[in-house]
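**Student:** Have a look at this one.
The values are calculated or read from the model by the stated rules, or taken from the named source; none is laboratory data. Worth saying up front: this structure is predicted, and the values here are computed from it rather than measured. Counting neighbours? That spans all protein chains shown, and the Cβs are built from the backbone with ideal geometry, glycine included. What goes into the accessible areas is simple: the full protein's heavy atoms, side chains included, and nothing from ligands, DNA or RNA. Shrake-Rupley method; radii C 1.70, N 1.55, O 1.52, S 1.80 Å.
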Amino acid sequence: MENYFSSDFKLGVLGGGQLGRMLLSETQKLDIHTCVLDSSKEAPCAPYCNEFFLGDLLNYDDVYEFGKKVEVLTIEIEHVNIEALYKLEEEGVKVYPQPSVIATIQHKGKQKDFYKEKNIPTSPHQRFNSLKELKAASLNDFPFVWKSAQFGYDGMGVKIVRNVADIQNLPDTECITEKLIPFKNELAVIVARNADGKVKTYPVVEMEFHPEANQVEYVICPARIDDKVADKARLVAMEVAKAFEHVGLLAVEMFQTENDEIIVNEVAPRTHNSGHYSIEASYTSQFEQHLRTILNLPLGNTDSKLAGIMVNLVGADGYEGNVIYKNITDILEIEGVTPHIYGKKITKPFRKMGHVTIVNKDIKVARKTAELVKNTVKVISK
């Protein structure tokens with residue numbers, strides 16, 4: 001453990017986006033030397049890491065050569081070259097989360113098969129190798145959920161199929177279909193696990209989604225649900241983490257059904273949008289906790305100091321170009337409001353450009369303030 005705090009130790013991060021940038025704020029507190037690999041020289045992480053490397057996260061050689069430069073390698077996004085990670089792990093680099101975990105999670109078909117194999121509650125599903133194969137199945141149990149097997153992100157690659165005509169317009173790619181389960185709430189629990197097997201969970205959060213973009217608009221902590229349902233959600237999340245035996249953070253997204261059952265939707269093996277509130281609202285932010293897990297340090301306190309709500313700042317529809325955050329100074333006058341701007345220079349419709357955390361002793365007051373923030377700040381272009 002002490003080697004992580006020596007002058008020659010290097011931590012590698014695959015992906016230089018906003019999640020990596022927020023992680024770097026924690027590595028700087030411990031003076032940990034960081035190396036980042038990303039495909040864009042304008043990646044949000046680029047100005048803040050010790051060493052920045054340009055490369056393709058899906059290219060074997062780029063990932064392998066980068067990984068050889070560090071002692072511990074982690075990810076900011078799960079869309080990375082798995083074969084390179086296996087090779088690095090074989091050669092002694094500590095890769096967290098483990099390549100086997102990432103390989104299962106980055107493919108939605110394998111992920112759903114894993115839940116079924118481990119008796120984890122989830123919706124029934126089918127796998128298809130192509131649109132032709134999907135059409136040949138003559139599915140008629142409408143509506144159902146269609147998901148691209150790989151590379152879906154922030155609501156992309158997910159569609160509700162309501163009739164045969166909708167099937168005709170789907171992309172020709174490997175995919176899964178899921179039974180559409182009526183639900184009351186979309187919930188999430190972040191589970192932290194270090195290499196010693198120590199595990200902690202964050203409180204259950206409630207997620208409200210944008211009706212058009214199918215991406216999270218608000219994250220509310222604690223979730224406004226019955227304590228028994230919250231306990232059940234945390235137990236299911238722990239069950240998922242135990243099954244994966246991962247090292248790092250695991251964000252478990254779930255549905256609370258109309259009968260108050262908890263079923264797993266999908267997971268992310270990294271810091272996650274559902275945990276951004278923790279920077280201001282928790283004793284230990286998810287980013288500090290991720291660092292603690294991959295360096296096998298004692299896990300931090302996951303309790304909340306105050307109720308917290310996260311509001312995503314996304315590009316306004318109809319705007320694309322050099323970004324302007326309109327009215328950002330107005331929300332700085334509101335008590336308990338903290339904006340986080342991700343450093344992306346170009347805005348596009350519904351592109352995540354930042355988030356705002358609202359903390360308050362009263363969750364109702366925080367939610368009302370969150371609505372005000374959402375209606376005040378506009379992410380537009382010049």
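**Student:** Choose one answer from 58, 187, 295: the residue with the largest mean-square fluctuation in a GNM of the chain with alpha-carbon springs under 10 Å.
**Tutor:** Residue with maximal mean-square fluctuation among 58, 187, 295: 58.
**Student:** Which FRET efficiency value, to the nearest 0.05, do you get for residue 217 and residue 324 by plugging their Cβ-Cβ distance into 1/(1 + (r/R0)^6) with R0 = 25 Å? Could you put the intermediate results ahead of the total?
**Tutor:** Details: r = 21 Å, r/R0 = 0.82.
Once the sixth-power term is evaluated, E becomes 0.75.
**Student:** Rounded, prolate or oblate for the range 244-322? Axes are the square roots of the Cα gyration tensor eigenvalues, ordered a ≥ b ≥ c, and the cut-off for rounded is a/c under 1.5. Let's see the in-between values first.
**Tutor:** Details: a/c = 1.62, a/b = 1.20, b/c = 1.35.
Because a/c hits 1.5 or more and a/b fails to exceed b/c, the range 244-322 counts as oblate.
**Student:** Here is a further query. Before I look further, what does the chain give for accessible area per residue, probe 1.4 Å, in whole square angstrom? Intermediate values should be presented prior to the final figure.
**Tutor:** Values: 17210 Å² over 382 residues.
Per residue, the chain has an accessible area of 45 Å².
**Student:** If the only charges are +1 at each Lys and Arg Cβ and -1 at each Asp and Glu Cβ, what is the size of the charge dipole of the chain around the Cα centre, to the nearest 20 debye? Could the numbers behind the result be given before it?
**Tutor:** Working: 45 positive and 53 negative charges, 116 e Å.
Charge dipole of the chain: 560 debye, to the nearest 20.
**Student:** Using a basic spin-label model with each label point 7 Å from the Cα along Cα→Cβ, how many nm lie between residue 51 and residue 151?
**Tutor:** A separation of 3.0 nm, rounded to one decimal place.
**Student:** Please list, by residue number, every one of the GluC sites (Glu not before Pro) in the range 132-226 that is coil in DSSP and has at most 13 other beta-carbon atoms within 10 Å. Please report the intermediate quantities before stating the final value.
**Tutor:** Numbers: sites: 133, 174, 178, 186, 206, 208, 212, 217; in loops: 174, 212.
Sites meeting the loop and neighbour criteria: 212.
**Student:** Over the range 255-294, what is the mean sequence separation of C-alpha contacts under 8 Å (at least six apart), divided by residue count, expressed as relative contact order in percent? Please report the intermediate quantities before stating the final value.
**Tutor:** Values: 21 pairs, mean separation 9.8, N = 40.
Computed value for the range 255-294: 24 percent relative contact order.
**Student:** Hey, another quick one. Would you give the gap between the C-alpha center of the range 316-357 and the C-alpha center of the range 71-142, rounded to a whole Å?
**Tutor:** Between the Cα centres of the range 316-357 and the range 71-142 lies a distance of 32 Å.
**Student:** If you add up the charges near residue 169, with Lys and Arg at +1 and Asp and Glu at -1, over every other residue whose beta carbon is less than 14 angstrom from its beta carbon, what do you get?
**Tutor:** +1
**Student:** Percent relative contact order of the range 236-382, based on C-alpha pairs within less than 8 angstrom and at least six residues apart?
**Tutor:** Values: 272 pairs, mean separation 32.7, N = 147.
Contact order relative to length: 22 percent.
**Student:** Please report the spacing between the Cα centers of the range 175-244 and the range 18-52 in Å, no decimals.
**Tutor:** With the range 175-244 and the range 18-52 each reduced to a Cα centre, they are spaced 28 Å.
**Student:** Points 7 angstrom from Cα along the Cβ direction at residue 378 and residue 173: gap in nanometres?
**Tutor:** 3.2 nm
**Student:** Out of (1) -0.80, -1.34; (2) -0.85, -1.14; (3) -0.73, -1.20, which label holds the value of log10 I(q)/I(0) by the Debye sum over Cα atoms at q = 0.11, 0.14 Å⁻¹ that was computed here?
**Tutor:** Here the calculated entry is (1).
**Student:** Using a probe of 1.4 angstrom, how much of the accessible area of the range 284-382 is carbon and sulfur, in percent? Intermediate results must be reported in sequence, preceding the final value.
**Tutor:** On the way: 2220 of 4490 Å².
With neighbouring chains kept in place, the figure for the range 284-382 is 50 percent.
**Student:** Also, I was wondering about something else. Counting only protein chains, not ligands or nucleic acids, how are 362, 38 ordered by accessible area (probe 1.4 Å), most first?
**Tutor:** Values: 362 65, 38 25 Å².
Solvent-accessible surface, decreasing: 362, 38.
**Student:** With contacts defined as alpha carbon pairs under 8 Å and 6 or more residues apart, what's the relative contact order of the range 221-274 in percent? Before the final figure, lay out the partial values.
**Tutor:** Numbers: 51 pairs, mean separation 16.8, N = 54.
Rounded, it is 31 percent for the range 221-274.
**Student:** Separate question: In what sequence, largest accessible area first, do 127, 367, 162, 292 appear using a 1.4 Å probe?
**Tutor:** Numbers: 127 95, 367 40, 162 145, 292 60 Å².
Ranked list, largest accessible area first: 162, 127, 292, 367.
**Student:** Right, another one. Once you have the Cα-Cα distance between residue 258 and residue 132, take 0.36 nm times their residue separation minus that, and quote the gain in nm to one decimal.
**Tutor:** Numbers: separation 126, 0.36 × 126 = 45.36 nm, distance 3.43 nm.
Computed gain between residue 258 and residue 132 is 41.9 nm.
**Student:** If you consider only alpha-carbon coordinates, what radius of gyration and Dmax does the range 1-132 have, in Å?
**Tutor:** 16.6, 56
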